[in-house]
2 protein chains.
Amino acid sequence: MVTQDATPGTYDFLTDLLDDEQLALEESVREQFAADASPHEDHLPEVVVWPHTTAEVSAILEAAHEREIPVTPWSGGTGVEGNAIPTEGGIVLNTYEMESISVRPDDLQAVVGPGVVYDDLNEHLARYGLRFAPGISSGDAATIGGMIATNASGINAVGYGETRDHVLRLEVVLPDGRTIECGRDVIKTSAGYSLKDLFVGSEGTLGVVTGATLSLSGIPERKRAALVTFPTPQEASSAVSEIIRFGLEPGAMEFIDKQSVELVNDYRGEEVFPVEPLLIIELHGNNSGIDEDVEFVKEICEDNGANEWLSRSGEEMEDIWSARDDALSASRAYRENYQPAFIGDVVVPISKYPEIVEAVGRVADDVGVFTPMVGHAGDGNLHYLPIVDPDEEGAMERANEVNERVVETAIGMGGTATGEHGVGIGKRKFMSTEHAEAVDVMADIKEAIDPTGIMNPGKVLPDREG
Amino acid sequence: MVTQDATPGTYDFLTDLLDDEQLALEESVREQFAADASPHEDHLPEVVVWPHTTAEVSAILEAAHEREIPVTPWSGGTGVEGNAIPTEGGIVLNTYEMESISVRPDDLQAVVGPGVVYDDLNEHLARYGLRFAPGISSGDAATIGGMIATNASGINAVGYGETRDHVLRLEVVLPDGRTIECGRDVIKTSAGYSLKDLFVGSEGTLGVVTGATLSLSGIPERKRAALVTFPTPQEASSAVSEIIRFGLEPGAMEFIDKQSVELVNDYRGEEVFPVEPLLIIELHGNNSGIDEDVEFVKEICEDNGANEWLSRSGEEMEDIWSARDDALSASRAYRENYQPAFIGDVVVPISKYPEIVEAVGRVADDVGVFTPMVGHAGDGNLHYLPIVDPDEEGAMERANEVNERVVETAIGMGGTATGEHGVGIGKRKFMSTEHAEAVDVMADIKEAIDPTGIMNPGKVLPDREG
């Protein structure tokens, strides 16, 4: 951990802006905000603040801007790319306390603070029969602010879209303290540059989101689910590609390779999953047509060589999704001293899904790193976890080699280096490969909006040359 | 018409970059690019160019940038807000010739040039059972480039989203001639600032879109349609609001008020529509569940006081949609010397739809302007057409008063001044009301990307103070 302590007096200005309990200079508190869920090096902030209102966020940023003090917004701390590590010390601006929820059921909208936890929001919305739908694994801790920051999504994005698709309006405090509204409380508009889309996915490098209007989805009245096993990962991924091509719209469609199945079963001490490459398929609907869709999906799976179609009830699915969410914990428990070097997160056009699955297997074998895979297959999104003992010589280098070769392959297919985890620190090295000269335009925008560069420094954009 | 002729020699540089038939200096040709479909004053460009390739667009912009010559990109010329009128003369850059279409059916994607006409694209895609779905009235002339420029949509946006939702990747030539790629050929990504969303809806003020990857939808196997009549516009719009709230997802849901019905029937010389406020409702689906949804929608309409539910076949619907598209022509044929002063295009949160419909009626009565309404009601989008004799004293002022009062009401409800037509010249005056200080951020971005201000000057952003 890099430690960094403030010169005495540096943060006195905060005591004029906040109550005592809204800021912490003690190392024991600051330590809790030095690391996210990634393997990137911890870095201690100099101070942590908990504003309650937009006006307080504005006052903090205005003062930090004048003093050129780095500010790193903090939401759930569940990032896996170092997105919220305060790599230059300064202020960690924690949005936990901004957790208001106001539901407008007649408009299928909710106005929420950035500190609202994903699962809490959905629990609150359930009484209205509504849901904020992207579906993320770390929903018990991840906040809406963090999801907006990284344009997060997960198992339900195939049916419902990513966070961006659900953000109608944002309240944003700019780096100099000005507060703006981006977008409107409507589902379509052509009124000028879509600033809300610029702030979604900008990972706190352009300002602090202090509120959002989200569009909501109804909770589907009917669900059908199955585990479908295949002889090989290629056959499973071919089925995925074909299901999407036929215009079927699953609510979720997860791919789990045999290595991940074994990891999870070991971790849980029970055979949650049959030991084969498999798909978890969930269909959502409000009328009886859903059963025709189930038959169609089943037929496509069979045509692609499926071994078994195991129908599952809603109750059984809760356990299955919880087991799926255990994949990361299971990979951490693989062997003593071993851990995933990172979580790969590429997306490719859906027709290339079988090829990218094959490529990960081949590259991992070639480099010699145990690399289980899981993925939100219906989106073309594949996660892979090279598991290594970081203290073993060359192990991290081999894991990185896997990543570089896979990302390069994905980008070569028209794909992306990061589907839902954001860029943070870890994916900065791929930005120029993926975006080429467009990175310069991103940097120009960053400079126009945050000329002193105080907002979440060291994230998203690669260092500028020249 | 404002005429403006080039100083001899000004455009000689273009002859080095293009073949003779790719540029026109003759007034008779230039006249065709002085006006769009709006009532804004015509303005003659000094030269019109037809580049065939991205490299040619790049060379033209680089040279124009050096010489600080205004460039107005031109697509279908169907804009209704003066979006493509070359208000400062200079170059009209016509993208008609960039009309390549490459379909990737397995990925549900097409890569297209900006000059492709909407209906032509869908005719081409039909052989694959696919469709680019936003659904616009002027689809026989509007191009994909223009749709991207204004984030256009229309009758099908309620079921399929606006243009933005279908744009995965853009090739853009920046004002200084650099070419960048924004976005990737995938349906989700978290890799940095979403530049493609910045360029969608920027109306050619930030660069020229020279290519796009679009995501496609399957052509639905089943459609059900009906005309539903109501005693009052309020009851019709209450039904709309409730249908959306219950999570039903119509493929189209149009509102037509009694005045528009009468206009269209007169124009067509037949009673296409029953003479009452009505909804055109279309449901799309791929399985037999669609008939349950029809029953549900019908029940909601009845609960909201519907007079009649008139089921319509697919064949009949073609005529009905064509009649709906005649609303604008019909308003132009209302009476000799009369024309719509503009096309109102507000969007409000869906629960406010009955109120905005009521507000338009009340304001129009109050001001004393005949103002028929039609609208993509399922989106909360309402069009209203104040029809006046522009030569009558005070007529245009009265029409503008209707617009200003309605837009103000819509914005007060959390809505927007323009749902699908863009800002162009006509809606600039509402930008500060709608976006407040966010307009400054838009202007900063404009300045960062187009520092010499050559791209489509006089559009979208209000003049900057100070």
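The values are calculated or read from the model by the stated rules, or taken from the named source; none is laboratory data. These figures come from a predicted structure and were not determined experimentally. Glycine also receives a Cβ, built like all others from the backbone with ideal geometry; neighbour counts cover every protein chain displayed.
Worth pointing out:
- Residue in region B:397-406 that is touching a helix residue (DSSP H, G or I) at 6+ places or on another chain (Cβ under 7 Å), under 25 Å from B:Thr87 (Cα atoms) and either within 12 Å of chain A (Cβ to nearest Cβ) or assigned to a strand (DSSP E or B) (or both) present: no
- Residue list for region B:419-449, restricted to those being of a type in the set (D, E, K, R), without any contact (Cβ under 8 Å) to a residue 60 or more places away in the chain and either farther than 20 Å from B:Ala341 by Cα or facing chain A (nearest Cβ under 7 Å) (or both): B:Glu434, B:Glu437, B:Asp440, B:Asp444, B:Glu447
- Residues that are in a helix (DSSP H, G or I) and either among the aromatic types (Phe, Trp, Tyr) or closer than 22 Å to A:Arg332 by Cβ (or both) within region A:366-379 comprise just one, A:Val367.
- Considering residues of region A:220-265 that are within 14 Å of chain B (Cβ to nearest Cβ) and farther than 30 Å from B:Leu248 by Cα only, the residue surrounded by the fewest Cβ atoms within 10 Å (Cβ to Cβ): A:Ser238
Conditions (1) closer than 19 Å to B:Ser202 by Cα; (2) touching a residue at least 60 places away in the same chain (Cβ under 8 Å); (3) of a type outside the set (Asp, Glu), marked per residue:
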{"residue": "B:Leu17", "(1), (2), (3)": "no, no, yes"}
{"residue": "B:Pro51", "(1), (2), (3)": "no, no, yes"}
{"residue": "B:Glu81", "(1), (2), (3)": "yes, yes, no"}
{"residue": "B:Thr95", "(1), (2), (3)": "yes, yes, yes"}
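- Within region B:345-360, the set of residues being within 14 Å of another protein chain (Cβ to nearest Cβ) and either of a type in the set (Lys, Arg) or outside any loop (DSSP other than H, G, I, E, B) (or both) comprises B:Asp345, B:Val346, B:Val347, B:Ile350, B:Ser351, B:Lys352, B:Tyr353, B:Pro354, B:Glu355, B:Ile356.
- Qualifying residue in region A:380-395 (condition: modelled with pLDDT of 95 or more, assigned to a helix (DSSP H, G or I) and buried (at least 17 other Cβ atoms within 10 Å of the Cβ)): yes
- Residues in region B:407-418 that are more than 7 Å from chain A (Cβ to nearest Cβ) and either surrounded by fewer than 24 Cβ atoms within 10 Å (Cβ to Cβ) or of a type in the set (Asp, Glu) (or both): 6 in all.
- Of all the listed residues (B:Glu27, B:Glu41), the sole one being of a type in the set (Asp, Glu) and within 17 Å of B:Tyr11 (Cα to Cα) is B:Glu27.
- A:Val363 being more than 14 Å from chain B (Cβ to nearest Cβ), in a helix (DSSP H, G or I), over 19 Å from the mean Cα position of the chain (by Cα) and buried (at least 19 other Cβ atoms within 10 Å of the Cβ): yes
- Whichever residue in region B:408-450 is of a type in the set (A, V, I, L, M) and assigned to a loop (DSSP other than H, G, I, E, B) and, among such residues, is nearest to the chain's Cα centre (by Cα): B:Val423
- So A:Asn287, is it in a loop (DSSP other than H, G, I, E, B) and within 14 Å of chain B (Cβ to nearest Cβ): yes
- Residue among B:Gly139, B:Gly159, B:Gly154 that alone is closer than 24 Å to A:Tyr193 by Cβ and either of a type in the set (A, V, I, L, M, F, W, C) or crowded, with 20+ Cβ neighbours inside 10 Å (or both): B:Gly154
- Hits in region A:1-38 - residues which are within 29 Å of the chain's Cα centre (by Cα), farther than 15 Å from A:Glu97 by Cβ and buried (at least 18 other Cβ atoms within 10 Å of the Cβ): A:Arg30, A:Ala34, A:Ala35, A:Asp36, A:Ala37, A:Ser38
- Residue ID - nearest to the chain's Cα centre (by Cα), chosen from residues in region B:91-113 that are crowded, with 21+ Cβ neighbours inside 10 Å, part of a strand (DSSP E or B) and polar (S, T, N, Q): B:Asn94
- Counted residues, region A:254-287 - those being closer than 18 Å to A:Glu318 by Cβ and of a type in the set (Asp, Glu): 4
- Sub-8 Å Cβ pairs linking a first residue in region B:194-205 that is among the hydrophobic types (A, V, I, L, M, F, W, C) to a second residue that is in a loop (DSSP other than H, G, I, E, B) and at pLDDT 95 or above, at least 6 apart or interchain, are B:Leu198/A:Tyr193; B:Leu198/A:Ser194; B:Leu198/B:Leu206; B:Phe199/B:Leu206; B:Phe199/B:Gly207; B:Val200/A:Ser194; B:Val200/B:Asn151, ordered by first then second residue.
- Only a single criterion out of (1) at pLDDT 95 or above; (2) more than 25 Å from the chain's Cα centre (by Cα) is not satisfied by A:Phe255, namely (2).
- Condition check for A:Glu56: more than 18 Å from the chain's Cα centre (by Cα) and within 29 Å of A:Ser153 (Cβ to Cβ): no
- Scanning region B:299-344 for residues that are in contact (Cβ under 8 Å) with a residue 12 or more places away in the chain, over 30 Å from B:Gly82 (Cβ atoms) and either part of a loop (DSSP other than H, G, I, E, B) or within 14 Å of another protein chain (Cβ to nearest Cβ) (or both) returns B:Ile300, B:Asn304, B:Gly305, B:Ala306, B:Asn307, B:Ser313.
- Failed condition for A:Gly211, given (1) assigned to a helix (DSSP H, G or I); (2) at pLDDT 95 or above: (1)
- Within region B:200-221, not a single residue is among the hydrophobic types (A, V, I, L, M, F, W, C) and touching a Cys at 6+ places or on another chain (Cβ under 8 Å).
- Candidate set from region A:379-396 (those that are among the aliphatic types (A, V, I, L, M) and within 28 Å of A:Pro134 (Cβ to Cβ)); member that is farthest from the other protein chains (Cβ to nearest Cβ): A:Ile387
- Filter result (in a loop (DSSP other than H, G, I, E, B) and touching a Gly at 6+ places or on another chain (Cβ under 6 Å)) within region A:232-248: A:Gly247
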